[in-house]
Amino acid sequence: MTPNQFHTSQPATAVPPPAPPPDRSATVRLRLDPTPRHLGAVDGAWWPYSTNAGDELPGLIAEVDRRLKVKVLRVGLHPDAWTNIPHRIPASGRVIRVGWFRSIDLHLLSLHTATGDNWELLVIPPETGTAAAANAFRLATQGRGSARPADILVLSGSATDTSMTAQAEYRWENEGGHLASESPS
């Protein structure tokens, strides 16, 4: 063996390439309340892939435009829930203004449309598991509840803040809702 040769008893293994990032434009995880009067405390739910507003909002805006057949003009969000928050987002022939409000619920995103409607979306944390996210989507879009966004996240299993669990269940039951593990009677 020459000094420049390397000998190993183990076969070389190829390192798999990193997984590509999800195609956010093709798969926006969004569900809107089907009732036309927005009877719930929230009008739907959105499950972003990250908390990077600059990456996530363009896909959401395009999908809401497509589904509602009306243009989103403004977005309102809580600045502590997001990173990389742009002031404006270009979207099909217009610019969407993004407002940062500490008065808005931490778990909400507010969309204002060209028709004057406001859509309040529950934001499901990106790290939420699939089953808990499905539960949160169901609770957010049932159209008759008045549960607060944080309560929906706790009841669905999307939030792990145990100090909120008992209070959320108490409010949910006493305000006419049903626990996620129960079926309505």
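Observations on the model:
- FRET efficiency for R74 and S50, using Cβ-Cβ distance with R0 set to 22 Å, rounded to 0.05: 0.50
- Each label was represented as a point 7 Å from its Cα along the Cα-to-Cβ direction; for T27 and T83 these points are 2.1 nm apart.
- Net charge over other residues, Cβ less than 13 angstrom from the Cβ of T83 (K, R count +1; D, E count -1): -3
- Per residue accessible area of segment 29-127, 1.4 Å probe, in Å²: 50
- Accessible-area composition of segment 82-147, carbon plus sulfur, in percent [1.4 Å probe]: 55
- Computed on protein heavy atoms with a 1.4 Å probe, the accessible areas place S146, S50, S110, S92 in the order S92, S146, S50, S110, largest first.
The values are calculated or read from the model by the stated rules, or taken from the named source; none is laboratory data. Given the structure is predicted, the values throughout are model-derived calculations rather than measurements. Reconstructed Cβ throughout: ideal geometry from the backbone, glycine too, with neighbour counts over all protein chains shown. Surface accessibility is based on the protein's heavy atoms, side chains included, excluding ligands, DNA and RNA. Shrake-Rupley method; radii C 1.70, N 1.55, O 1.52, S 1.80 Å.
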